[in-house]
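Scroll down for the structure; my scribbles are underneath it.
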Amino acid sequence: MSETHADERETYDPAALQAKWLPVWEALDPFRADDALVDAGEREKRYALTMFPYPSGDLHMGHAEVTALHDVLARYWWQRGYEVLNPIGWDSFGLPAENAAIKRDEHPATYTYANIETQAGSFRTYGLSFDWSRRLHTSDPEYYRWTQWLFLRFRERGLAYRKASPVNWCPNDQTVLANEQVVDGACERCGAVVTKRELTQWYFRVTEYAQRLLDDMTQLEGRWPERVLTLQRNWIGRSEGAHVDFDLHLADGTTRVVTVYTTRPDTLFGATFMVVAADAKLAAEVVAPEQADALAAYLEETRKASDIDRLATDRPKTGVPLGITVTNPVNGEQLDVWASDYVLADYGTGAVMGVPAHDQRDLDFAKAMGLPVRRVIDTGADDPAETFVATTGDGTYVSSGPLDGLSDKAAGIRTILERLEADGTGRGAVNFRLRDWLLSRQRFWGAPIPIVHCPDCGEVPVPDDQLPVVLPDLKGADLKPKGSSPLAAARDWVEVPCPACGGPGERDTDTMDTFVDSSWYYLRYCSPGFTDGAFDPADLKRWGPVDQYVGGVEHAVLHLLYSRFFTKVLHDMGLLDFTEPFTSLLNQGVVINQGKKMSKSLGNGVNLGEQLDEFGVDAVRLTLVFAGPPEDNIDWADVSPSGSLKFLARAWRLAGDVTSEPGTDPARGDVALRRVTHRTLHETEALLEGMRFNVVVARTMELVNATRKAIDSGCGPADPAVREAAEAVAVLLSLVAPYTAEEMWERLGHEPTVARAGWPAVDEALLVEESVTAVVQVQGKVKARLEVAPDVSEADLEAAALADPAVVAAIGDKSVRKVIVRAPKLVNLVVG
RNA sequence: GCCCCCGUGUCCCAACCGGCAGAGGAAGCCGUCUUAAAAACGGCGUGGUGCGGGUUCGAGUCCCGCCGGGGGCACCA
C-alpha cells in the first residue's frame, strides 16, 4: 500500500496539472455568461464582480487574494445552476503609466498594454472563472468614447459644470485632486503635501445627490460592511441647523445681508462676534479699506500653510478684524466681523457666528483675540469665560430673551427658529460635508474632456457623432508635467473649429479623473460592443445590479461613492431600473508578512510568482482562502502553503484509490461515510452563502479525512460511499483548487469540467443522526451523557435523565426545583 | 477628543437562537513502514475564552466598566 502511495505521489505535480488542464479549459470556455439562457428563463442570473485591476507590473499577492475569494463564490454559483456573469477588465488610464512613459520616453499605451497582457496571462494561469469575452480596458477609445458620452449627458442635466475655486493641488503629480483623494492633507497617490490653487475646473454635482446617497444606504444595510456605510455616512456628513441673516454695515455706509450657517441657532444670544473665511470672496468684498492690506497679508500667510498644518488640532487660532460690524437679528447688538482660516470658505456659507461660550473653536478664537464670552446656557459647569472650556450640553437658557427658562435643546432650537422665521431673518437648513467632485486633471493619460472652447459660443460640447475625442500621439518628454495639461502643448490637436459656429475653437485640454472611468465599467460589461450608447438598458435589466462585489476597503469613499452617484443619475435618466449598483459588498483583508505591510524598505515582500512556482496555483489559492475569514488580514508568516499542498495531494490520492465504476449508485454505500458526505455538503451550502470560505475548506478537510479512514480501515475503496465522498470532495475543491479538482474528476472517470458538474443533491434523510448525545447537567455542571434518539420527546428525555444513577447521586437529598429540557441535546436540573 | 471592530490552546482559527469550549490547519512529540531519512499512515490538546462586575437554570456568545490591539473621523460651525 505504501508503495502505491509513494508512486502516486510522484505524479501529483501541480505544474503538470496546470499545463494539462489550462488548454482544455480554454477550449471548453465553461464560464461564458449566456444572455439567451437568462432571457429564456432557463437559468437565474448572478452578477459577480471583482474590482478591476490597475495594470502596474504583474499581479501581486493582493490580486491573488481578492480573486481567489471572489472566485469561490462565482464558481459556487455556477455549481448551483446559476448563469454567472463574472467579467474582467483593466482600469488602464492613470498616472503610473504616464510617469513610466516619461522615464522611458515612450507612449503610456506601450507600458499599459504590455502590463495588461502580462496580468491577463497570469490571471489565466491562476485558473479564475472569468468570462474573457467581455474584457474591457478603460483606455481603449471604444471605451472612453462612452466615458465622454456620459460626461456630456451629465452636463446636459446640469450635473457637470465648470467653476473657479481654490482646489487641492499636488505639486509632485502636478495636477488637481478631488477631496476624496486627499488623505491627511497629502496626495493619496504619491504622499506629497497638497496645497491650494485657484483654478477653473470641471465638477460633477454630487452634492445634488447627497441626500439620496444617504437615504439609499438603507438598501445596503446588512449587505455592505458596516464600516463602509459608516465611512460614507461620515463623508456625506449631513447636519441640520439654520441659516441666520445678519445685516452687515459696510464702511461706505451701505448695508448688505450676510447669512451664516449654524447647528446651534439656540445660542444666538451668545454670539459676540462673526467670523468669515479669510479666503472667501465675501471677506474681500466687505473688508473696510483700512483693513484691506491686513487681510491681504493674512491671506498670504494662510495660503502658505499647507493642509497638514491646518489639520493640527492644537494649532493656535489666528485672524484679522475686517473693520466692520453686523447686527445680531435677535437683539440688535453690533458684532465685530473677523476673518480667519478656521472658517472654511466652501462649507455652509463661509461665515459663522462666534458663540465662544458654547463652541470650543469660537472660544479659542475669542481667547486669542480677547473677545467677550457670554454664557447663554447654564449647564451646571463652570463659566467658560473663566475655564476656557466651552459647554456644549443641555442646560437652562439664560440671557436669551424668549428662551429663558427653557432647559431642552430641541425646544430651544424650535423656539428660536419660530422667532427667526416670523421675523424673516432665519430658517431651518441642512448642510452636507460632501463637496462636488472635481473631475478635471492636468495630465495626459486619461479621457479627454469632450468640450471645445469657442470665443463666441463659449463651452461647446463635441457632438456625439464626433466621439471619441482621441488622445494625440504624445510620448516621453512631451508628457512632462508643467502645471498645465500636456495636451495644451499639442497645438494641432487643440485647435479645432467650433462645432457650433465653425469659427476657431480650442479643445479643453484637461482629462478626466480615472475614477470617472471606473464609475460605470460594471455597466459596460453587460453590453460589450454596444454602439448606440454606453450600455444597452435591456442588458442591464438582465444582469444588473451586481449581486456580489469584492474589493478593498480603500475605495470606501472614492470609487464606491462615485459609482453609487453614477448609478442614481443613470437611473434618473431612465437607463437603469435600479438605484444601487452593488447589492452586496465584501472587503477582503490584505496580505501582510510578519505582522507588517509588505514593503521594499522592510524587505518582507512575498512574490506571488515565486509562491506559484514553488507550491502551484491551487496550493496558493487554498492557502489564501483557508487562512481565515475573508475580511481579515492574512499574515503570510502564519499560513502554510506547504500544508495546503500536502492536503491537496491527500485529496487527489483519494480519487486514485476509488475502485468502483462511475455511476455506481451510492444508496447501498456505507451509511456512516454517506452521513459525513451529505452533512458536509449541507453545511458548506450555508457557509458559502455566508462567505465563510475558510470554514468550507476545514469541512472539506474533514471529509477527506473521513474518506481516507473509510478506505484504509473502514468500508474499503470499493464501497459506493467512497466514490460519492471523493466526488463531493472534487466538487468542493473545484471552488478553490480547480486543477486538483479537475484531475480528481478525471481519475474518477468523468469528463471535464468538474467546475460545471453541478452541486450534488443533499439527501435530507442522511442529515439525521441515528442517535445523539444528550448531556444532563445539575446546577449547570455536566453529570451524565445519554444516547438518545434525535426525535426524543422532552418528557422521555427528562425521565431518562432523572433515572440516571449519576444524576440521582448528584441530586442527593436535595429536591429538584426546576427542570430545563432542550431535547435532544440537554437537560439541566436546578436543585436546592 | 469622538465613533466602530477585535481579544478562544504555542501560532492561524472553529463554536447555529445563550446549551458538553475544540472543527480544520501549522508547529511539536510518539508510533507503523524504512538500513536510514523523507513521504505516507496512525496517535497525542485542562486554555475555561484579555480583566472586573452584572443578567440567566446556564455566558466565549447578552449588558456595564476597564485593559490591550486595529481601523475611521477630526477646525464641517
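Output the residue which, of all residues in the stretch A:266-289 that are within 37 Å of the chain's Cα centre (by Cα) and not in a loop (DSSP other than H, G, I, E, B), is surrounded by the fewest Cβ atoms within 10 Å (Cβ to Cβ).
A:Lys281
Can you tell me which of A:Leu570, A:Leu624, A:Leu602, A:Leu612 is of a type in the set (A, V, I, L, M) and surrounded by fewer than 21 Cβ atoms within 10 Å (Cβ to Cβ)? Show your work before the answer.
Details: A:Leu570 fails: surrounded by fewer than 21 Cβ atoms within 10 Å (Cβ to Cβ); A:Leu624 fails: surrounded by fewer than 21 Cβ atoms within 10 Å (Cβ to Cβ); A:Leu612 fails: surrounded by fewer than 21 Cβ atoms within 10 Å (Cβ to Cβ).
From the options A:Leu570, A:Leu624, A:Leu602, A:Leu612, the qualifying one is A:Leu602.
Given the conditions (1) surrounded by 16 or more Cβ atoms within 10 Å (Cβ to Cβ); (2) hydrophobic (A, V, I, L, M, F, W, C); (3) over 24 Å from the mean Cα position of the chain (by Cα), which single one is not true for A:Leu177?
It fails just one condition, (3).
If you scan the stretch A:548-566, which residues turn out to be modelled with pLDDT under 90, within 17 Å of A:Glu226 (Cβ to Cβ) and more than 10 Å from RNA strand B (Cβ to nearest atom)?
Hits for the stretch A:548-566 are A:Gly552, A:His555.
Specify the residue that is nearest to A:Leu299 (Cα to Cα); the eligible residues are those in the stretch A:178-234 that are within 10 Å of RNA strand B (Cβ to nearest atom) and of a type in the set (Val, Ile, Thr).
Top of the filtered list is A:Val182.
Any residue in the stretch A:331-351 that's of a type in the set (D, E, K, R): show its pairings with residues that are in a loop (DSSP other than H, G, I, E, B) and more than 14 Å from RNA strand B (Cβ to nearest atom) at Cβ separation under 8 Å, as long as the two are six or more apart or on different chains.
Final answer for the pair search is A:Asp336/A:Leu371.
Considering only residues that are polar (S, T, N, Q) and surrounded by fewer than 20 Cβ atoms within 10 Å (Cβ to Cβ), look in the stretch A:123-158 and name the one that is nearest to A:Val24 (Cα to Cα).
Looking at the filtered set, the residue picked out is A:Thr125.
What number goes with the only condition from (1) within 28 Å of A:Glu26 (Cα to Cα); (2) among the hydroxyl-bearing types (Ser, Thr, Tyr); (3) surrounded by fewer than 20 Cβ atoms within 10 Å (Cβ to Cβ) that A:Tyr739 does not pass?
Unmet for A:Tyr739, out of (1) within 28 Å of A:Glu26 (Cα to Cα); (2) among the hydroxyl-bearing types (Ser, Thr, Tyr); (3) surrounded by fewer than 20 Cβ atoms within 10 Å (Cβ to Cβ): (3).
Just for the stretch A:16-64: of the residues that are aliphatic (A, V, I, L, M) and assigned to a loop (DSSP other than H, G, I, E, B), which one is nearest to A:Trp636 (Cα to Cα)?
Within the stretch A:16-64, the subset aliphatic (A, V, I, L, M) is A:16-17, A:19, A:22, A:24, A:27-28, A:33, A:36-38, A:40, A:48-49, A:51, A:59, A:61, A:64.
Of the ones still in play, those that are also assigned to a loop (DSSP other than H, G, I, E, B) are A:33, A:40, A:51, A:59.
Values: A:Ala33: 35, A:Ala40: 46, A:Met51: 23, A:Leu59: 17 Å.
Taking the candidates together, the pick is A:Leu59.
Criterion first (within 14 Å of RNA strand B (Cβ to nearest atom), of a type in the set (A, V, I, L, M) and either farther than 21 Å from A:Trp77 by Cβ or modelled with pLDDT under 90 (or both)) does A:Leu703 satisfy it?
Numbers: within 14 Å of RNA strand B (Cβ to nearest atom): yes; of a type in the set (A, V, I, L, M): yes; either farther than 21 Å from A:Trp77 by Cβ or modelled with pLDDT under 90 (or both): yes.
So A:Leu703 fits the description; yes.
Could we say that A:Trp493 is crowded, with 18+ Cβ neighbours inside 10 Å and assigned to a helix (DSSP H, G or I) here? Give the steps one after another, and end with the answer.
Details: crowded, with 18+ Cβ neighbours inside 10 Å: yes; assigned to a helix (DSSP H, G or I): yes.
Answer is yes for this residue.
Which numbered condition trips up A:Gly446, out of (1) at pLDDT 90 or above; (2) touching a helix residue (DSSP H, G or I) at 6+ places or on another chain (Cβ under 8 Å); (3) small (Gly, Ala, Ser); (4) not in a loop (DSSP other than H, G, I, E, B)?
For A:Gly446, the exception is condition (4).
Only one residue in A:Ala672, A:Ala667, A:Ala686, A:Ala619 is within 29 Å of the chain's Cα centre (by Cα), more than 10 Å from RNA strand B (Cβ to nearest atom) and assigned to a helix (DSSP H, G or I), so which one is that? Can you show your working first?
Details: A:Ala672 fails: within 29 Å of the chain's Cα centre (by Cα); A:Ala667 fails: within 29 Å of the chain's Cα centre (by Cα); A:Ala686 fails: more than 10 Å from RNA strand B (Cβ to nearest atom).
Result: A:Ala619 is the single residue among A:Ala672, A:Ala667, A:Ala686, A:Ala619 that is within 29 Å of the chain's Cα centre (by Cα), more than 10 Å from RNA strand B (Cβ to nearest atom) and assigned to a helix (DSSP H, G or I).
Mind listing whichever residues of the stretch A:242-265 are in a loop (DSSP other than H, G, I, E, B) and either of a type in the set (A, V, I, L, M) or within 11 Å of RNA strand B (Cβ to nearest atom) (or both)? Reasoning before the result, please.
Initial filter on the stretch A:242-265 (in a loop (DSSP other than H, G, I, E, B)): A:250-254, A:263-264.
The answer is A:Leu250, A:Ala251, A:Thr263, A:Arg264.
Cβ-Cβ distance below 8 Å, separation of 6 or more or different chains: which pairs start in the stretch A:707-720 with a residue that is near RNA strand B (Cβ under 7 Å from one of its atoms) and end on one that is part of a helix (DSSP H, G or I)?
If the second residue must be part of a helix (DSSP H, G or I), the pairs left are A:Arg708/A:Arg650; A:Arg708/A:Leu654.
Tell me which residues, restricted to the stretch A:329-375, are within 14 Å of RNA strand B (Cβ to nearest atom) and assigned to a loop (DSSP other than H, G, I, E, B).
Those that are within 14 Å of RNA strand B (Cβ to nearest atom) and assigned to a loop (DSSP other than H, G, I, E, B): A:Asp341, A:Tyr342, A:Val343, A:Leu344, A:Ala345, A:Asp346, A:Tyr347, A:Gly348, A:Thr349, A:Gly350, A:Val355, A:Asp359.
Based on this model, can you work out whether A:Asp293 counts as at negative phi, acidic (Asp, Glu), free of Cβ contacts under 8 Å to residues at least 60 places away in the same chain and more than 10 Å from RNA strand B (Cβ to nearest atom)? Break it down into steps so the answer makes sense when it comes.
Working: at negative phi: yes; acidic (Asp, Glu): yes; free of Cβ contacts under 8 Å to residues at least 60 places away in the same chain: yes; more than 10 Å from RNA strand B (Cβ to nearest atom): yes.
So A:Asp293 passes the test.
Can you name every one of the strands (runs of 3 or more DSSP E) wholly within the stretch A:499-605 that holds 1 or more residues which are of a type in the set (Phe, Trp, Tyr)? Walk me through how you get there before you give the answer.
On the way: elements: A:504-507, A:548-551, A:585-587, A:591-593.
Fully inside the stretch A:499-605 and qualifying: A:548-551.
In the stretch A:450-482, which residues are among the small types (Gly, Ala, Ser) and under 30 Å from A:Ile102 (Cβ atoms)? Give the derivation first.
So the first thing to find is which residues in the stretch A:450-482 are among the small types (Gly, Ala, Ser), and the list is A:458, A:476-477.
Passing the criteria: A:Gly476, A:Ala477.
Check off (1) in contact (Cβ under 8 Å) with a residue 40 or more places away in the chain; (2) within 30 Å of A:Arg441 (Cβ to Cβ) for A:Trp78 and give me the number that stays unchecked.
Only one criterion is unmet by A:Trp78, namely (2).
Wholly within the stretch A:753-832, which strands (runs of 3 or more DSSP E) include no fewer than the required count, namely at least 1 residues that are surrounded by fewer than 13 Cβ atoms within 10 Å (Cβ to Cβ)?
Values: elements: A:772-778, A:781-788, A:816-822, A:826-831.
Passing ranges, in order: A:772-778, A:781-788, A:816-822.
Does A:Val38 satisfy the criteria of being surrounded by fewer than 23 Cβ atoms within 10 Å (Cβ to Cβ), hydrophobic (A, V, I, L, M, F, W, C) and touching a residue at least 40 places away in the same chain (Cβ under 8 Å)?
Numbers: surrounded by fewer than 23 Cβ atoms within 10 Å (Cβ to Cβ): yes; hydrophobic (A, V, I, L, M, F, W, C): yes; touching a residue at least 40 places away in the same chain (Cβ under 8 Å): yes.
Spelling it out, A:Val38 is indeed surrounded by fewer than 23 Cβ atoms within 10 Å (Cβ to Cβ), hydrophobic (A, V, I, L, M, F, W, C) and touching a residue at least 40 places away in the same chain (Cβ under 8 Å).
Residues A:Leu136, A:Leu69, A:Leu128, A:Leu73: which one is aliphatic (A, V, I, L, M) and assigned to a loop (DSSP other than H, G, I, E, B)?
On the way: A:Leu136 fails: assigned to a loop (DSSP other than H, G, I, E, B); A:Leu69 fails: assigned to a loop (DSSP other than H, G, I, E, B); A:Leu73 fails: assigned to a loop (DSSP other than H, G, I, E, B).
Testing whether each residue is aliphatic (A, V, I, L, M) and assigned to a loop (DSSP other than H, G, I, E, B) leaves just A:Leu128.
May I ask you to list the residues in the stretch A:760-802 that are within 14 Å of RNA strand B (Cβ to nearest atom), of a type in the set (A, V, I, L, M) and under 28 Å from A:Pro666 (Cα atoms)?
A:Leu767, A:Val772, A:Val788
Which of the residues that make up the stretch A:409-430 are buried (at least 17 other Cβ atoms within 10 Å of the Cβ) and modelled with pLDDT under 90?
Taking the stretch A:409-430 and keeping what is buried (at least 17 other Cβ atoms within 10 Å of the Cβ), we get A:409, A:412-413, A:415-417, A:419-420, A:425-426, A:429.
A:Lys409, the sole residue that qualifies.
Could you please let me know if A:Ala296 is of a type in the set (A, V, I, L, M, F, W, C) and under 19 Å from the mean Cα position of the chain (by Cα)? Quick ask: steps written out before the conclusion?
Numbers: of a type in the set (A, V, I, L, M, F, W, C): yes; under 19 Å from the mean Cα position of the chain (by Cα): no.
No: the conditions fail for A:Ala296.
On the given criteria, is A:Tyr161 assigned to a strand (DSSP E or B), in contact (Cβ under 8 Å) with a residue 40 or more places away in the chain, hydroxyl-bearing (Ser, Thr, Tyr) and surrounded by 17 or more Cβ atoms within 10 Å (Cβ to Cβ)?
Details: assigned to a strand (DSSP E or B): yes; in contact (Cβ under 8 Å) with a residue 40 or more places away in the chain: yes; hydroxyl-bearing (Ser, Thr, Tyr): yes; surrounded by 17 or more Cβ atoms within 10 Å (Cβ to Cβ): no.
Here the answer is no, as A:Tyr161 does not meet what is asked.
If A:Asp378 satisfies all but one of (1) surrounded by 14 or more Cβ atoms within 10 Å (Cβ to Cβ); (2) within 25 Å of A:Gln334 (Cβ to Cβ); (3) not polar (S, T, N, Q), what's the number of the condition it fails?
(2) is the only condition that A:Asp378 fails.
Among the residues of the stretch A:578-612, what is the count of those that are β-branched (Val, Ile, Thr) and over 14 Å from the mean Cα position of the chain (by Cα)?
As a first pass, look at the stretch A:578-612 and keep what is β-branched (Val, Ile, Thr): A:579, A:583, A:590-592, A:606.
Then keep just the ones that are over 14 Å from the mean Cα position of the chain (by Cα); that gives A:579, A:591-592, A:606.
Qualifying residue count for the region: 4.
The values are calculated or read from the model by the stated rules, or taken from the named source; none is laboratory data. Since the structure is predicted, the reported quantities are computational estimates derived from the model, not experimental observations. No Cβ is skipped: glycine too gets one built from the backbone with ideal geometry, and neighbour counts run over all protein chains shown.
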